[in-house]
Every structure is written in C-alpha cells, then in structure tokens.
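Data first, discussion second: the structure below is written as structure tokens.
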Amino acid sequence: MTVAERTQLMTVPDVAERCNISAVTVRRLVRNGALPYIRVGGQLRFDRDQLEQWLVEQRQRRAAQ
C-alpha cells in the first residue's frame, strides 16, 4: 500500500478521472475556490472523503435547481 492510499490523497489526474472532467477543469475549480484541496510540497492533493462529500453536495444542488 502506498502512502497516498493510506492517507487517501488523490492527485489532479485522479480527481479528473473520478469526476470525468479534465485536469484543467480540476485546476480551475481549485483556483475558483470551489473544490477542497491541500498542498503537499507545492503540489495539489485532494482528500478522497472530502471529494466524495463535495460530489454529493454538487448532486444535491443540481437536484434542487
């Protein structure tokens, strides 16, 4: 098991694949403050649980519209 798997941190490409969007869109969401992230050694990382919660919230917002 890798460190990333133990801590459940995802990279930009991981998030892009999970959300079925481009890496550019992931970075844009980060820049706009819409997507929760952390920086590790200057690189973007995403907590898997926070990402899943964010996705649930996005689905609920769409359903409410």
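Read-outs: derived from the displayed coordinates by stated rules, not from any lab. The structure presented is a predicted model; accordingly, all values stated were derived computationally and were not measured. Reconstructed Cβ throughout: ideal geometry from the backbone, glycine too, with neighbour counts over all protein chains shown.
Computed quantities for the displayed model
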{"read-out": "Interchain or long-range residues, amide H under 5 Å from D47's placed H", "value": "M10, I38"}
{"read-out": "Protection proxy ranking of 54-62, 26-34 - average other beta-carbon atoms within 10 Å, highest first", "value": "26-34, 54-62"}
{"read-out": "The chain: radius of gyration and largest Cα-Cα distance (Dmax), Å", "value": "12.2, 41"}
{"read-out": "Lys, Arg +1 and Asp, Glu -1 on Cβ, resulting dipole of the chain about Cα centre, debye, nearest 20", "value": "280 debye"}
